[in-house]
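Working notes, beginning with the structure itself.
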Amino acid sequence: MIKKKKKKIISEEENRGSIEFQVLHFTNKIRRLTSHLEFHRKDYLSQRGLRKILGKRQRLLSYLSNKKQVSYKELMTQLDIRDSKTR
């Protein structure tokens, strides 16, 4: 299963402008910032940055769900992201 994810990530790195790659990149940033904020709880600038990245990812995911439903479902399962409640 890990090999499958790596193959998918490598193929998406070829097209860095695609929505799928951008969501993947934002998800990695979100996970990194979340682990940083577990140690530094009062880092308010990082909290603000995390909220901005979450908003950008949410907008991209809503666009993707409207345009390419199949790709949206695959991406959500691949990245272990929950569906948004407001759709």
Seminar exercise, completed: Flagged in region 51-78 as touching a Ser or Thr at 6+ places or on another chain (Cβ under 9 Å), open to solvent by 30 Å² or more (accessible area, probe 1.4 Å) and either over 21 Å from R16 (Cβ atoms) or of a type outside the set (D, E, K, R) (or both), in numbering order, are Q58, S62, K73
Exercise. How many of the residues making up region 1-32 are farther than 19 Å from R59 by Cα and either hydrophobic (A, V, I, L, M, F, W, C) or at pLDDT 90 or above (or both)?
Worked result: 5
For this session: Kindly indicate whether F21 is buried (at least 16 other Cβ atoms within 10 Å of the Cβ) and over 17 Å from S84 (Cα atoms).
Result: yes
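The values are calculated or read from the model by the stated rules, or taken from the named source; none is laboratory data. Computed from a predicted structure; not experimentally measured. Backbone-built Cβ (ideal geometry, glycine too); neighbour counts: all protein chains shown. Keep in mind that these areas ignore ligands, DNA and RNA; they rest on the heavy atoms of the full protein, side chains included. Shrake-Rupley method; radii C 1.70, N 1.55, O 1.52, S 1.80 Å.
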